[in-house]
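This is the structure I want to talk about, given as structure tokens.
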Amino acid sequence: MDCWPSIVVATPAHSAVGGPLSYRSERLLAVGSLVRVPLGSREVLGVVWDCPTVPPAGLDPAKAKWVAAVLDGLPPLNTRWLQLVRFAAQYYQRSLGEVALAALPPQLRELDNTQLARRLKRRAKALAASGVAAAGDPATALAHTLSDEQSETLQALAAATAPVLLFGATGSGKTEIYLRATQQVLEIAAPAAQVDAETGEIGQAPPATQVLVMVPEINLTPQLEARFRERFEPAFGADAVVCLHSGMTPAQRLASWLAAHTGQARIVLGTRMAIFASLPGLRLIVVDEEHDPSYKSQEGARYSARDLAVYRAQLESKALAALPGHPAEPGAARCQVLLGSATPSLESWHAAEQGRYQRLAMPSRIGGGALPRLRLVDMHHQPKGAVLAPPLLAAMAERIARSEQCLVLLNRRGYAPVLACHACDWKSSCPHCSAYRVFHKLDRTLRCHHCGFTERVPRACPDCGNVDIAPVGRGTEQIEEQLTALLADARRPDGGPPRVARMDADSTRLKGSLEVQLATMHSGEVDVLVGTQMIAKGHDFRRITLVASVNADAALFASDYRAPERLFALLMQAAGRAGRAAEHSAGSEMWVQTWYPQHPLFTQLQRHDFPAFAAEQLVEREDAGMPPFGHQALLRADARTQDAARAFLNAAAQAAAELPHRADVTLYPAVPLTIQRVANVERAQMLVEAESRGALQRFLAAWQPVLHATRSHPDARGLLRWAVDVDPLAI
Ligand code: ADP
Ligand code: ZN
Ligand code: ZN
């Protein structure tokens, strides 16, 4: 009997065909099956969304194209996965085809059945060779004896019914909570396959339980991966833990995806993209450092992996609860979500205050050590022009003499953000962007950090010929250079001069260099590490006793309403790198150089009082109707000219006038982005605000077809692309 499956294929972001397309097939196809279908002159990968046995109205059966092949070797994607994708597409205003296909590993598009079968066979062989799943106990010998706070947290976690916000100080042992929670899930016995009472046939066995652990950047925390592997591979096999992130080759990504999809992998460790992994047995989602902005995608569908994690866990829980004969073990019939941070996002904090999330706190550091003491350096009282305050340098020299380590944080890479001529007005502007090119002294280049345009540093001013062109401001390269000079008289216990190193996007560009740099830090070879926010994240360096932030003032007065939240989190996380070994914690310090030591943010930082900081910020946000109280979206436009970009936005706003939900939202005037031009593309945006998420969603849904139509408006000539960003991180 012929069927008429509707199939989702990759569609460009804003093509009008966003939904499934109808095809014809000789047999019934399971929903979620992966297929290959003709599209135009090509054959493409598709996902079966539905499979009616009658042709849909309006389809001429004679004209319907046939499904070319079904990837039989793979089990279909389950309905929860399809629901997750559908929700993400709707909520973030993208086409279903774009989101669905972007959620699958790219290599899957290229494989036919034979090739796929070969891969699966190869995997099975490799697994057999590695001697899999001689189910033993997890390597509990490696596990720590839990602290009281950890035990209490785990008990509360087991009983929790809402999403859990784990508010744990830096060094409180959150990773051990993730490991134990994972262990509990993996130990849940999968429910036995149902036997059909009539026929006596044994149904399909339910999938083995699985855990998804998300981290902001996997490469920054190789320790986490190592700990999951050493804890679980002995008992669950070499394939039990797989990674999913954009740094992997297409072949590696496919292998991990297949392992997760077939249930062989029990734990997926990944970055935001992993939220879309197919995990048939999903029972726990951990979002580590849940406040991290990298969970929000900045291209394509601009989804928040953290928010989708909460949604996905709910979906899975509902499905599990509805399952007949699920095991009676408590907690077995649900999927939990665990968001962890020492500095939670204000969104999650607010949800916890309202009782929508359950907050579990671990305020103490493992071993009882104290959090580092904050020392504010008032730059008014330092020698004129000093980049690094003398008392800070003295404190660093003392640490070095005791073979303790220091971190110096500056959120700007390169040598200097601008190179300028003092005879005329020349500055190192980028010809393609409304931004300066950064001076990199090491390779003597001027590099644009927005479009990548790079040139050798000119010998003389290109405008007036003056040879005296000089750097203005400083970046990590310069701080590294100055620290090496300023600490030249300090001595390590072995009598040698201190070793200063730098870690940022430049120093870690080459594959493997990050690992090497982390290793020199862990081994104690390096005394002082200078770097960008990269050095503040997640590392468990044991010998750091001093962390310094040398120039963060700009963030105190930034126009972005989230800037204080970001700065507080950054400084708190950076401070969290110090004194992690209890024997070092007593004397550990966080130094902050500032011209505004009276700023209230520092008072709360001094007390390590995140709750007070959050409370104050939330009052401000509520007064201003900002998230999480108000809800926002941005309509963004890129064009050849700023006029064209804004004309599109204005036309879109005008065309919205008659829409049903127009009165529920505020549309603000179109404005250029802070960095208005990047790579010769002019950028503008329009803010959309609503009091409720529902109102915003209803308006955006109604606006979507209008936006498509506005694209061809005469005013929008010169428009290159547009996009809606729902719940934007920066406005
Ligand atoms: P967080 O992620 O909360 O900053 P970590 O999970 O990195 O903290 O833990 C900090 C350190 O404490 C790590 O070195 C970890 O191995 C150690 N640790 C965690 N739990 C325990 C425990 N119960 N007993 C001893 N050491 C522990
Ligand atoms: Zn000049
Ligand atoms: Zn540029």
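The values are calculated or read from the model by the stated rules, or taken from the named source; none is laboratory data. This is a predicted model, so every value here is computed, not measured. All Cβ positions, even for glycine, are placed from backbone atoms using ideal geometry, and neighbour counts span all protein chains on display.
Is it the case that region 524-535 has a residue that's under 14 Å from residue 405 (Cα atoms), in a loop (DSSP other than H, G, I, E, B) and of a type in the set (Gly, Ala, Ser)?
Taking every residue of region 524-535 in turn, at least one turns out to be under 14 Å from residue 405 (Cα atoms), in a loop (DSSP other than H, G, I, E, B) and of a type in the set (Gly, Ala, Ser).
Somewhere in region 613-621, is a residue closer than 20 Å to residue 435 by Cα, among the basic types (Lys, Arg) and out of contact with any Pro (no Cβ under 6 Å at 6 or more places or on another chain)?
Within region 613-621, not a single residue is closer than 20 Å to residue 435 by Cα, among the basic types (Lys, Arg) and out of contact with any Pro (no Cβ under 6 Å at 6 or more places or on another chain).
Could you please give the count of residues in region 1-27 that are part of a loop (DSSP other than H, G, I, E, B) and either at pLDDT below 90 or surrounded by 13 or more Cβ atoms within 10 Å (Cβ to Cβ) (or both)?
Qualifying residue count, region 1-27: 16.
I'm trying to understand the selection: among the residues of region 403-440, which are farther than 22 Å from residue 387 by Cβ, within 14 Å of ligand 3 (Cβ to nearest atom) and in contact (Cβ under 8 Å) with a residue 60 or more places away in the chain?
432, 433, 434, 435
Still on this model: Is it fair to say residue 360 is within 16 Å of ligand 1 (Cβ to nearest atom), within 26 Å of residue 477 (Cβ to Cβ) and in contact (Cβ under 8 Å) with a residue 24 or more places away in the chain?
No, not satisfied.
Which members of region 418-434 meet the condition of being buried (at least 20 other Cβ atoms within 10 Å of the Cβ) and either assigned to a helix (DSSP H, G or I) or away from ligand 2 (no atom under 16 Å from the Cβ) (or both)?
430, 433
Of a type outside the set (Phe, Trp, Tyr) and either surrounded by fewer than 17 Cβ atoms within 10 Å (Cβ to Cβ) or within 16 Å of ligand 1 (Cβ to nearest atom) (or both): is that true of residue 507 in this structure?
No; evaluated as a whole, the condition is false for this residue.
Would you call residue 539 surrounded by 14 or more Cβ atoms within 10 Å (Cβ to Cβ), part of a helix (DSSP H, G or I) and either in contact (Cβ under 8 Å) with a residue 40 or more places away in the chain or more than 16 Å from ligand 2 (Cβ to nearest atom) (or both)?
no
Between a first residue in region 169-184 that is within 16 Å of ligand 3 (Cβ to nearest atom) and a second residue that is part of a loop (DSSP other than H, G, I, E, B) and aliphatic (A, V, I, L, M), which pairs have beta carbons less than 6 Å apart while being 6 or more apart in sequence or on different chains?
That search, which allows pairs on different chains as well, returns nothing.
A further question follows. Any idea which residue in region 276-314 is surrounded by the most Cβ atoms within 10 Å (Cβ to Cβ), counting only those that are farther than 11 Å from residue 337 by Cβ and among the hydrophobic types (A, V, I, L, M, F, W, C)?
279
May I pose another question? Would you list the helices (runs of 4 or more DSSP H) that sit entirely within region 547-633 and hold 2 or more residues that are at negative phi and within 27 Å of the chain's Cα centre (by Cα)?
Qualifying helices (runs of 4 or more DSSP H): 563-575, 600-606, 610-624.
Separate question: How many residues are modelled with pLDDT under 90 and not small (Gly, Ala, Ser) if we restrict to region 536-550?
Summing the residues that are modelled with pLDDT under 90 and not small (Gly, Ala, Ser) in region 536-550 gives 5.
Could you list all residues from region 625-672 that are more than 16 Å from residue 715 (Cα to Cα), hydrophobic (A, V, I, L, M, F, W, C) and crowded, with 19+ Cβ neighbours inside 10 Å?
626, 633, 634, 635, 665, 667
Within region 466-489, restricting attention to residues that are within 16 Å of ligand 2 (Cβ to nearest atom) and part of a loop (DSSP other than H, G, I, E, B), which residue is surrounded by the most Cβ atoms within 10 Å (Cβ to Cβ)?
The extreme case among them is 466.
As an exercise: evaluate residue 351 against (1) at pLDDT 95 or above; (2) of a type in the set (A, V, I, L, M, F, W, C); (3) surrounded by fewer than 19 Cβ atoms within 10 Å (Cβ to Cβ) and give the number of the one condition it does not meet.
Tallying (1) at pLDDT 95 or above; (2) of a type in the set (A, V, I, L, M, F, W, C); (3) surrounded by fewer than 19 Cβ atoms within 10 Å (Cβ to Cβ), residue 351 fails exactly one: (3).
Still on this model: Could you give every pair whose Cβ atoms fall below 9 Å, whose first residue belongs to region 500-519 and is farther than 22 Å from residue 543 by Cβ, and whose second residue is part of a helix (DSSP H, G or I), counting only separations of at least 6 or pairs across chains?
What qualifies is 505/534; 506/476; 506/477.
Just checking, how many residues over region 571-593 are buried (at least 21 other Cβ atoms within 10 Å of the Cβ) and at pLDDT 90 or above?
Adding up the residues that qualify gives 13.
Could you tell me which of the residues 443, 463 is touching a residue at least 24 places away in the same chain (Cβ under 8 Å), assigned to a loop (DSSP other than H, G, I, E, B), among the acidic types (Asp, Glu) and over 24 Å from residue 406 (Cβ atoms)?
463
For residues that are over 23 Å from residue 411 (Cα atoms) and among the aliphatic types (A, V, I, L, M), scanning just region 443-472, find the one that is nearest to ligand 1 (Cβ to nearest atom).
Ranking the qualifying residues of region 443-472, first place goes to 469.
Consider residue 656 carefully, then state whether it is under 29 Å from the mean Cα position of the chain (by Cα) and in contact (Cβ under 8 Å) with a residue 24 or more places away in the chain.
Answer is no for this residue.
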